[in-house]
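Comments concern the structure below.
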Amino acid sequence: MTETPMSNSFFSRAGRVLRNVPRAFGAVFLVSVGTSFYYQYKAFKEYITLPAAFYLDLDLEQQALVERSSNNPLALLTSGIRQLELHNLLQVLHTAKTDERVRGLLAVLGDRQNFGGLAQLQELRNALLDFRFHAKGRAPIYAYSNAFGEGGMNGTGVYYLASAADKVFMPPTSMMSLLGFENTQVFLKDLLDRLKVEPEVHRREEYKAALAPLTGTGFDPAHRENLTSLLQTLYNQVVGDIAAARRLTTSAVEAAISAAPLLPSMATNMGLLDGLLYRWSPWLAVVVNTVAILA
């Protein structure tokens, strides 16, 4: 078979393309590495060019605290707020607590659903207390929230976090609802009976109630005792921690919870707040306008 000039030209071009593939990958790799070094250098330069004294601004009103951020590109659209990984925040607080340039921290807190579970709240709260201890006399922590529970919402968790601060503020037109802890469960036995579905459940002991919603129509005594004991333990721990941080007695904190919801003026008189301010009031504006963004 005789090769035509066209076929020779095609194979020649194909060969040149294949020979250039490694070069293309190499170019992409070099660009990627160069870009990475550029942004690291830029971040380092921004760090070393920070002013001699500044406040940190921790905005947890527009961010959701998560263990690991979602890889779903639609996450921002579905949640409406950005995600902040807990371990990154803890690392920043750990570094900042010994940085002599840091002169304070303003924590703006949002709704309870922004903070995940109680374990996350406690871990972040412990980090704030550690920051407060190491930066004592140099960098006070100011906590602010538009509301600690409003419209029937429970503000106990958010205030528990805020109590780690040196000072706690909220607007004079808001509400503080420290409602303690509760547990709600949906029991499906009646529904399953109507559908003629009979679950096969092997319950080892009366306090093993993980599958109780499938077999009962309400809390049986052992199930109720189990959950009540757990909630009471959490309640005692949170009340004790708030009392210690605010220099109150546990009885005073429990009285505030029993009297909730509280007007801000009442919460201030009971020792739960240090003042009534709007976020952009002149006092807080001085802090907010001289911050370095934490996240």
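The values are calculated or read from the model by the stated rules, or taken from the named source; none is laboratory data. Bear in mind that the values here come from a model prediction, so they are computed numbers and not experimental data. Neighbour counts run over all protein chains shown; Cβ positions are idealised from the backbone, glycine included. All accessible areas refer to the heavy atoms of the entire protein, side chains included, with ligands and DNA or RNA removed. Shrake-Rupley method; radii C 1.70, N 1.55, O 1.52, S 1.80 Å.
Residues that are closer than 25 Å to residue 181 by Cβ and more than 11 Å from the chain's Cα centre (by Cα): list the strands (runs of 3 or more DSSP E) wholly contained in region 77-169 that include at least 1 such residues. Before the answer, list the steps.
Numbers: elements: 82-85, 102-109, 141-145.
Correct list: 102-109, 141-145.
Can you list residue pairs whose Cβ atoms sit under 8 Å apart, with the first residue in region 156-182 being over 15 Å from residue 235 (Cα atoms) and the second being open to solvent by 50 Å² or more (accessible area, probe 1.4 Å) and in a strand (DSSP E or B)? Count only pairs 6 or more apart in sequence or on different chains.
Pairs found: 169/276; 170/276; 171/276; 172/276.
Taking residue 82, is it over 28 Å from residue 275 (Cα atoms) and in contact with a helix residue (DSSP H, G or I) (Cβ under 8 Å, 6 or more places away or on another chain)?
Values: over 28 Å from residue 275 (Cα atoms): yes; in contact with a helix residue (DSSP H, G or I) (Cβ under 8 Å, 6 or more places away or on another chain): yes.
Yes: the conditions hold for residue 82.
For every residue, the table says whether it meets (1) among the small types (Gly, Ala, Ser); (2) in contact with a Phe, Trp or Tyr (Cβ under 6 Å, 6 or more places away or on another chain).
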site: 159; (1), (2): no, yes
site: 175; (1), (2): no, no
site: 213; (1), (2): no, yes
site: 220; (1), (2): no, no
site: 227; (1), (2): no, no
site: 243; (1), (2): yes, no
site: 259; (1), (2): yes, no
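Among the residues of region 182-194 satisfying the criterion of being in a loop (DSSP other than H, G, I, E, B), modelled with pLDDT under 85 and not hydroxyl-bearing (Ser, Thr, Tyr), which is least open to solvent (accessible area, probe 1.4 Å)?
Step one: filter region 182-194 for residues in a loop (DSSP other than H, G, I, E, B), giving 182-188.
Then keep just the ones that are modelled with pLDDT under 85; that gives 182-185, 187-188.
Narrowing the set further to residues that are not hydroxyl-bearing (Ser, Thr, Tyr) leaves 182-183, 185, 187-188.
On the way: 182: 148, 183: 65, 185: 60, 187: 45, 188: 64 Å².
Applying the filter and picking the extreme gives 187.
I'm trying to understand the selection: among the residues of region 128-168, which are among the hydrophobic types (A, V, I, L, M, F, W, C), open to solvent by 20 Å² or more (accessible area, probe 1.4 Å) and modelled with pLDDT of 90 or more?
129, 133
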